[in-house]
Amino acid sequence: MPEASMAKALIVTGGSSGIGAALCRLAAREGWRVWIGYGEGSGRAVRLADDLIAAGGSAAPIALPLRNPD
């Protein structure tokens, strides 16, 4: 179990919709810092981050273009 002073953070690939978004919501509700990974859903990721922050969570969208190996 992590020490209370250690921050909990989670990166969710595909976090802007579906199961990934649900995981982001759950993690943020449990006090985790959430990085919402997206490939093409930047608008959804930004809206989700805004919603999580408005609810008292900590979240930020992050571009993860996994289809592009460069």
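Couple of notes before you dig in:
- Of all accessible heavy-atom area on the chain, the percent that carbon and sulfur account for (1.4 Å): 57 percent
- Residue-count net charge about Gly18 - beta-carbon cut-off 14 Å; Lys, Arg +1, Asp, Glu -1: +1
- Rounded to 5, percent antiparallel among DSSP beta bridges of the chain: 0 percent
- Computed about the Cα centre, the dipole magnitude for the chain is approximately 120 debye when only Lys and Arg (+1) and Asp and Glu (-1) carry charge, each at its Cβ.
- For the chain, the fraction of alpha-carbon pairs lying more than 21 Å apart is 22 percent, rounded to a whole number.
- Nearest 10 degrees, 0 to 90: helix 18-29 Cα axis against the chain principal axis: 20 degrees
- Nearest-ten-degree value, helix 42-54 long axis tilted from longest Cα axis of the chain: 10 degrees
- Residue-normalised accessible area of the chain, given per residue in Å² at a 1.4 Å probe: 69 Å²
The values are calculated or read from the model by the stated rules, or taken from the named source; none is laboratory data. Note that this is a predicted model, so its numbers are computed, not measured. Here Cβ is always computed from backbone atoms with ideal geometry, including for glycine, and neighbour counts include all displayed protein chains. What goes into the accessible areas is simple: the full protein's heavy atoms, side chains included, and nothing from ligands, DNA or RNA. Shrake-Rupley method; radii C 1.70, N 1.55, O 1.52, S 1.80 Å.
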